[in-house]
Amino acid sequence: MSAFQELNVYQPTRQTYVVLPLRFTGLNDRQYVVTNLAGEFLTIERATLQSFLRHELPNSDQAYIDLRAQHFLVDDSTAIAPELLALKIRTRYRRLSQFTALHLFVVTLRCEHSCPYCQVSRQSEDRVAFDMPDSVARAALDFCFRSPSPDLKIEFQGGEPLLNFELIKTIVGEAKERNRAAGKRLAFVIATNLALMSREILDFCRAHDILISTSLDGPKALHNANRPRPGGDSYERTIAGIRLVRDQLGRDRVSALMTTTESSLDCVGEIIDEYLAQGFGEIFLRPLSPYGFAIRTKAYRAYSADRWLDFYKKGLDYIIELNRQGVPFLEVYAATILKKMFTSDDPGYVDLTNPAGIGIGAVAYNYDGDVYASDESRMLAEMGDTTFRLGHVLKQSYEDIFGAPQLLEPLDASFAQSVPMCTDCAFEPYCGADPVFHHKTFGDFVGRKPESEFCSRNMTIFRFLIERMQSDVFVKRLFRQWATR
């Protein structure tokens, strides 16, 4: 007698199936992308999709087998599919119960750079009235340690935060002392242009395990044009600072971000080469945001979303070819999306979370004690729009701040699964709700989706990533590696 039953035992006993909740959208003239609530996706032919939705797809068809394996249908052999789908959805949203892990301390608005695209409306170096007082910092720490998250990351922002380094030392010391009782996984980051970095500061960073994040816009001429400072030597100081940090703290203790200006659009290859030359293994190709000096100087409107998407696609293709030639290198935004496509683990990137990441993913304590739902919210406030101001650390309680209508109303209104067009969009599981961006550009928390640059930019990237995987086995393997890094 065989130890195994015949294959037909495992076949469905009837030809009917139940279609589980799904969305679909055209990928090209003949193919469609189909996604389920957990974000799993398939690309299938138009005729196959029609047959599937008419309940006419034979169970012997390979598409049927694929759809069943990824929980798009239930038949007699897959009764557990709804439970597995629910488990993946719960996993995707598990961050909501442990909200606000990232706390941004704007210790000063002063800065010695004068970048025309500055989104935080920095103040000149001598205006100490724009430094955070000690009393505000300690009250902000009270809020920070009320967070239910077991992970707390305190990021020092500016202006240039090293212009108020003494306060950074106070906050780090006080946070570590409080954490003796709290027992959180506590981390610190200083977001700095590195121009003022010194061995004394690095000694403190090494003693307290502080990470460094800096800005590198590309090669010397581009970086110095984008980021003017007295002496015109921003690039030289940044590169020297990166080397100093690596020497003193370790190679992986410094990361860099770039911002795309109009001057960047024709040199994405050179920008990526600069990151390789400086020993970085990844780059985040970021567009400008509509805040601060980027609006006043008209830098934000210097290029369209379509021009930035051309820049992004060329950059991603260049990175793919580098990997094909044996040079490992990664684009961070694509990797973030791919993680959402291929795993149930939401990376928690604020712009791509739903419900929106404001207040839940991050909160910003401004130099003057005002609390904002995100870094972009406080950038908006510096332009005179305080829609997302949640309160003041010395005047309101934790409950007042995180229960404020200025936070709850935009979270409710922008929840993508109930927003017209988002609720039907096949890419909703990968996208986010960005009420701050849409309030700035349309005057409400939702915006007009057909005209939204946020939507057009992200939907184009989602399609581009899937198309590249469809057409190239190497790319599909590479993208899966990025998703699980």
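The values are calculated or read from the model by the stated rules, or taken from the named source; none is laboratory data. Here the structure is a predicted model, which is why all the values come from computation and not from measurement. So basically every Cβ, Gly included, is an ideal-geometry build from the backbone, and we count neighbours across all protein chains shown. For accessibility, only protein heavy atoms count, side chains too; no ligands or nucleic acids. Shrake-Rupley method; radii C 1.70, N 1.55, O 1.52, S 1.80 Å.
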If a residue must be in contact (Cβ under 8 Å) with a residue 12 or more places away in the chain, assigned to a loop (DSSP other than H, G, I, E, B) and open to solvent by 20 Å² or more (accessible area, probe 1.4 Å), how many such residues does the stretch 407-443 contain? 8
Yes or no: the stretch 446-469 includes at least one residue that is among the polar types (S, T, N, Q) and open to solvent by 60 Å² or more (accessible area, probe 1.4 Å). no
Could you list, in sequence order, all residues of the stretch 207-219 that are exposed (fewer than 15 other Cβ atoms within 10 Å of the Cβ) and not in a loop (DSSP other than H, G, I, E, B)? 207
Considering only the stretch 247-263, I want to know if a residue exists there that is within 21 Å of residue 157 (Cα to Cα), free of Cβ contacts under 8 Å to residues at least 40 places away in the same chain and not in a strand (DSSP E or B). yes
Selected residue (criterion: nearest to residue 285 (Cα to Cα)) from residues of the stretch 470-479 that are open to solvent by 30 Å² or more (accessible area, probe 1.4 Å) and hydrophobic (A, V, I, L, M, F, W, C): 474
Checking residue 228 against (1) at pLDDT below 95; (2) closer than 19 Å to residue 161 by Cβ; (3) not charged (D, E, K, R), which single condition isn't satisfied? (2)
Segments classed as helices (runs of 4 or more DSSP H), wholly inside the stretch 292-369, with at least 1 members that are modelled with pLDDT under 95, out of contact with any Phe, Trp or Tyr (no Cβ under 7 Å at 6 or more places or on another chain) and not aromatic (Phe, Trp, Tyr): 293-296, 305-324
Please go through the stretch 377-422 and pick out each residue that is in contact with a strand residue (DSSP E or B) (Cβ under 7 Å, 6 or more places away or on another chain), of a type in the set (S, T, N, Q) and closer than 17 Å to residue 454 by Cβ. 377
Of the listed residues (281, 269), the one being more than 20 Å from residue 158 (Cβ to Cβ), touching a helix residue (DSSP H, G or I) at 6+ places or on another chain (Cβ under 8 Å) and open to solvent by 10 Å² or more (accessible area, probe 1.4 Å) is 269
Filter result for residue 250 (of a type in the set (Gly, Ala, Ser), out of contact with any His (no Cβ under 8 Å at 6 or more places or on another chain) and surrounded by fewer than 21 Cβ atoms within 10 Å (Cβ to Cβ)): yes
For a quick check of your reading of the model, give me the residue pairs whose first member lies in the stretch 181-195 and is on the phi > 0 side of the Ramachandran plot, whose second is of a type in the set (Gly, Ala, Ser) and surrounded by fewer than 20 Cβ atoms within 10 Å (Cβ to Cβ), with beta-carbon atoms closer than 8 Å and at least 6 apart or on different chains. 194/240
Say whether the condition of being in a helix (DSSP H, G or I) and closer than 20 Å to residue 476 by Cβ is met by at least one residue in the stretch 49-62. yes
Among residues of the stretch 37-91, those that are of a type in the set (A, V, I, L, M), under 29 Å from the mean Cα position of the chain (by Cα) and open to solvent by 30 Å² or more (accessible area, probe 1.4 Å), counted: 5
If I ask for residues that are open to solvent by 10 Å² or more (accessible area, probe 1.4 Å) and either at pLDDT below 95 or not in a strand (DSSP E or B) (or both), which ones from the stretch 152-166 would you list? 157, 159, 162, 163, 164, 165, 166
Can you tell me which residue within the stretch 225-239, out of those that are in contact (Cβ under 8 Å) with a residue 12 or more places away in the chain and open to solvent by 60 Å² or more (accessible area, probe 1.4 Å), is farthest from the chain's Cα centre (by Cα)? 230
Counting only residues that are within 26 Å of residue 151 (Cα to Cα) and modelled with pLDDT under 90, which one in the stretch 92-118 is least open to solvent (accessible area, probe 1.4 Å)? 92
